[in-house]
Every structure is written in C-alpha cells, then in structure tokens.
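Asks: Okay, here's the structure, questions in a sec.
What follows draws every value from the coordinates through simple rules; no lab data is involved. Being a predicted model, the structure only gives us computed values, none of them experimental. With ideal geometry, Cβ positions are generated from the backbone for all residues, glycine too; neighbour counts draw on all protein chains shown.
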Amino acid sequence: MKKIQQTKSPIDNSIYVERSYASPDDATLIITKAKEAHRTWNKLSVDKRASYCNKAVDSFIKNKHAIAEEITRQMGRPIRYSAGEVAGFEERARTMISLAKDKLADTIIGEKEGYERFIHRESLGVVFTIAPWNYPYLTAVNSIIPALMAGNTVILKHSAQTPLCAERLADAFNEAGLPEGVFQILHATHDTVAGMIKNPNINYIAFTGSVAGGKAIEASASGLFKGVGLELGGKDPAYVRADADIPFSVENLVDGVYFNSGQSCCGVERIYVHKDIFEPFVDGFKKLVEQYVLGDPLDEATTLGPMVKSSAAFFVREQIKDAIGDGATALIDTSKFTADVGDSPYLAPQVLINVNHSMRIMTQESFGPVVGIQAVESDEEALHLMNDSEYGLTASIWTKDKDKALDLAVDLETGTCFMNRCDYLDPELAWVGVKNSGRGCTLSSMGYESLTRPKSFHLRTKI
C-alpha cells in the first residue's frame, strides 16, 4: 500500500488534500522519461519553446479565481490577496520568456581568417525543482520557465502543504500541448527526493526553502558535480534615515512586514530608525498595524490570515515571549485580535521596541507577523547592524537622498538593495542571496546562466 500525503488547511485544521506518495521506482521512471524527452525538446527552437510556454501561461491565468481559492485553503493567505500571485506568476513567466532569445543566442567571436568560432548556450538536461508553500507559484516559476526555455526538461516536487499548485501547473502545460515527459510532477517523501538528487540523470536542482533544507540538498548532491541553486532564509533589514518620508515609510514597511503573515523570505523582519524620527515613526507604525483584521482568510474583510501551521505560530510566540523577558516592549494589545488563540495558527501582529541583537527576535528568522524596531544614532551604526546577520537576501534604505542610499548600499551584505521600497521582486533584476540566504541566481537574463552550460565551437574553414 502506498503512503499517503495529507495537507491540512490552516483555516480549520481539516484535511484538504490527500495524495499518494510516488515510490522510488515511480521517481526513477519519471526521471527516465524526462531524460528521453530532453533529446527532442532540446532541439526545438527558442521560438517554438516560447510558444508552448506562453500557451501554458494563458491556460494557467484563465483559472485565476479557482487557483486563488486553492492558495488560500492550502496555506492561509487572505483571499483578497491570493489572486495577486497569479498575476505575479504571469509577469515573471512572460519576462523570462521574452529574455530567452537574446540570452540564449550564440556568441559570435570576432573574425579570424580561416576560422569560424562561436559559443553556444547548451541545456543541462533534467532540472529538478523543489518548491515551497509560502509563495507556491512565484517561487516555482523562477526556475521552471527559464529551465524549459533553455531546452531542459523539468520535474517539479512541490511542498506537501501546496500539492494542488504542482497539479495546476501540470494541467496548464498539458493543455498547452507540451510533449510528454518535458514537464512532470510528483508528490514524494524526503527520502525519495534525496534518492532523486543522487540519480545521475538529474542534472540540476533548484531548491527554495529553509537553511536546514538547503543543507540536506547539498548533502545529497555532495561529490556528484551537479549544479544546485539555493534560495533559503532571510532576516531582511530596513533602515529609515532621518530625512525619510515618515508616512510613506510607515505604510510600505508595515506591508513589507505583515503581508502573507510575514511568511516571506524577503519580508522585512527588523527595522532600524534614526533616533531623530524614532518616536513619530513608531507611533505611526503602531497605529497602522492595529488596523489589521485577523481572521478567516476566506472572508474578504480579512487582511491577516493564519500562519501555515500551529507549530510555526508557536515558534514566533516563543520568540516574542523571550524578547519581552529580555527587556523588549510589546506595543500591540493582542487581546483586540479575538481570532488569536494560543494553540492555533492564528497569530496577532506584534511590534517590539527596546530590542537589540542579544535577542533572537533580531537575529533569528521569524517568518511570522512580528518585527523589532531599534533606534540608531547614525548611518554607520545602522549599516553595522544591518550586516550583523547570518542572512543576506534583501535590505532597504528609506531616504530622500539617493546618493547616500547608494553609498550605504555598496557596503550592504545582501543580494538586493532597495531604496524606498521593500518585499518586492523585479523579474528583470537578478535574484540572489548571500551568506545563509543561499547561492546562485534566478530571474533576469543572468538567471539563464546556471541552467545552461557554454559550449565552444572552433571550426577551421580553410585547409
């Protein structure tokens, strides 16, 4: 009898989806089909591959309302926001499709009498994408579309929390007429995934998830000389300079902290504010946070849904409790959020001041609806604290002085530097992390480099 994967909805802890796990033999068969399909898919023109991918995107977005409800039921995002992920998926997919032709074109080397020389970008073979639940489509698309456009075949293993997302993508590609074996999905245990990574016919692994998950992926791939792309955790900082527009900074940073219940790898988790504007900033921040409506995410009035699991909410509650025990001050009266029940995934938003880096709320990833706000004396102190982290995915500077923002950004140990915005991914820019936020690059024209290899052609035309 096959083992069953169960997905419990954070809305009410009911079982929403049940699927059979693929066996190791099933996984091997899927990999073999992908390897065989690569031989013909790789030979198609970029324009032909783009036609298939665009048709798949068309198929996907026409079901946006059903997809949005499935997102909400699987991971708890308020329904009023879930359709935005479908729009984001389309933006990233269309961008990567449009960038493919130029990026994948042969590089012609200058003339040399009697010779023809060029460099071709060759597909790797089979790409194995392992996607998370928090932004189930926005994370998956980062590797799936460019991998296919580059001539690779793709196998997708989605989080056990969001299995329907994998199935929706498979339906879209099937409706687009994608040749058999070019895009496949499976639901699998960690052991089966580890075995797949070791399979010699898997040529690249694209993983988005926790640091612990990234280490497990690297351990499985150790010594096999295959590519691994990792987008891992974050503890993303923001610095509000003395010259910042306070209402604008408050509005955008509140959203950057609490959207998706803080369950975003690039969500803002710590804020440093110049002492000269600390009090008005914190006052405005607190007032805006108090306007959130925590409750059933299927209710259009809800602006803050449950966290994905009770255990995740418990972790954040313990971080908050420890910080308060160490001297932090909680500004939000959580009793006003009646849906917040101590043993449930429904967690009220919280703002902490009187915090410092001896507290794990300022150093350990929270991945929940909480932020610590710390006053600083200067740009130099803010820069030091922003870099005082094992993570480095994004960082934001809030100021009217672009030149000063650029001066600070040069020294920030992060993959993306923002000025006057946060918690956003522009698909035309490279998405990278440093330190424990991972390695590799997705999106932008540079996102094609890890999914292809250069192959040189050196032809003597005169003998």
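Asks: Sorting check: for 284-290, 302-308, which peptide has the highest mean count of neighbouring beta carbons within 10 Å, and how do the rest follow? Before the final figure, lay out each step's value.
Replies: Working: 284-290: 17.7, 302-308: 25.9.
Averaged packing, sorted descending, gives the order 302-308, 284-290.
Asks: Here is a follow-up. What span do the alpha-carbon atoms of the range 236-426 cover on each of the three principal axes, reported in whole Å from largest to smallest?
Replies: 46, 35, 30
Asks: Can you tell which of Ile145, Val126, Tyr81 lies farthest toward the positive end of the dipole of the chain, using +1 and -1 charges on the Cβ of basic and acidic side chains (Lys, Arg; Asp, Glu)?
Replies: Working it through, the farthest residue towards the positive pole turns out to be Val126.
Asks: Calculate the dipole size of the range 36-100 relative to its Cα centre from +1 charges on Lys and Arg beta carbons and -1 charges on Asp and Glu beta carbons; express the result in debye to the nearest 20.
Replies: Details: 12 positive and 8 negative charges, 23 e Å.
With Lys and Arg at +1 and Asp and Glu at -1, about 120 debye.
Asks: Let me ask another. Which percent, to the nearest 5, of DSSP beta bridges fully inside the range 236-426 are antiparallel? Walk me through the numbers before you get to the answer.
Replies: On the way: 2 of 23 bridges.
Among the beta bridges of the range 236-426, antiparallel pairing accounts for roughly 10 percent.
Asks: Under a plain spin-label model, where a point goes 7 Å from the Cα along Cα-to-Cβ, how far apart in nm are Ile119 and Glu279?
Replies: 5.9 nm
Asks: I want to check the label-to-label distance for Asp326 and Phe225. Put each point 7 Å from Cα in the C-beta direction and report it in nm to one decimal.
Replies: Taking the two extended label points, one gets 4.6 nm.
Asks: Rounded to the nearest 0.05, what FRET efficiency do Glu380 and His190 give with R0 = 41 Å and r taken as the Cβ-Cβ distance? Could you check? List each step's numbers first, then the result.
Replies: Details: r = 44 Å, r/R0 = 1.08.
Once the sixth-power term is evaluated, E becomes 0.40.
Asks: Based on the alpha-carbon set only, what is the convex hull volume of the chain divided per residue, in Å³? Could you put the intermediate results ahead of the total?
Replies: Details: hull volume 72.4 nm³, N = 463.
Taking only Cα atoms, the chain has a hull volume of 156 Å³ per residue.
Asks: Separation of the range 320-349 and the range 122-162 by C-alpha centroid, Å?
Replies: 36 Å
Asks: So, one more: Treating only the Cβ of Lys, Arg, Asp and Glu as charged (+1, +1, -1, -1), what charge dipole size does the chain show about its Cα centre? Round to the nearest 20 debye. Don't jump to the answer; show the numbers that get you there.
Replies: Numbers: 49 positive and 60 negative charges, 446 e Å.
Once rounded to the nearest 20, the dipole reads 2140 debye.
Asks: Towards the positive end of the charge dipole of the range 236-426, with charges on Cβ (+1 Lys, Arg; -1 Asp, Glu), say which of Thr399, Ser358, Leu288 has the farthest Cα.
Replies: In the range 236-426, that residue is Leu288.
Asks: Continuing with the same structure: Between the range 1-75 and the range 395-441, how many Å separate their Cα centres?
Replies: 32 Å
Asks: Here's another thing I want to ask about it. Can you give the helix-only mean residue ellipticity at 222 nm for the chain, where every DSSP H stretch with n ≥ 4 adds -39500 (n - 2.57) and the sum goes over all residues, rounded to the nearest 500 deg cm²/dmol? If you can, show how the numbers build up before the last one.
Replies: Working: 13 runs with 178 residues, N = 463.
Computed mean residue ellipticity for the chain: -12500 deg cm²/dmol.
Asks: Evaluate the charge dipole of the range 1-125 about its Cα centre and quote only its size in Debye, nearest 20, assuming +1 on the Cβ of each Lys and Arg and -1 on the Cβ of each Asp and Glu.
Replies: Values: 23 positive and 18 negative charges, 52 e Å.
Dipole of the range 1-125, to the nearest 20 debye: 240 debye.
Asks: Rounded to a whole number of µm²/s, how large is the Stokes-Einstein D of the range 402-443 at 25 °C and 0.890 mPa s, given Rh as the Kirkwood radius over C-alpha pairs? Intermediate values should be presented prior to the final figure.
Replies: Numbers: Rh = 11.4 Å.
Here the translational diffusion coefficient equals 216 µm²/s.
Asks: Just going by the charge dipole of the chain, with Lys and Arg at +1 and Asp and Glu at -1 on Cβ, which of Leu383, His458, Asn260 is farthest out on the positive end?
Replies: Final value for the positive-end residue is His458.
Asks: Peptides 414-427, 97-110, 118-131: what's the order by average Cβ count within 10 Å, highest mean first?
Replies: On the way: 414-427: 19.6, 97-110: 14.7, 118-131: 21.2.
The packing order, highest mean first, is 118-131, 414-427, 97-110.
Asks: Of all beta bridges DSSP finds with both residues in the chain, what is the antiparallel percent, to the nearest 5? Before the final figure, lay out each step's value.
Replies: Details: 25 of 64 bridges.
Taking every DSSP beta bridge within the chain, about 40 percent pair in antiparallel fashion.
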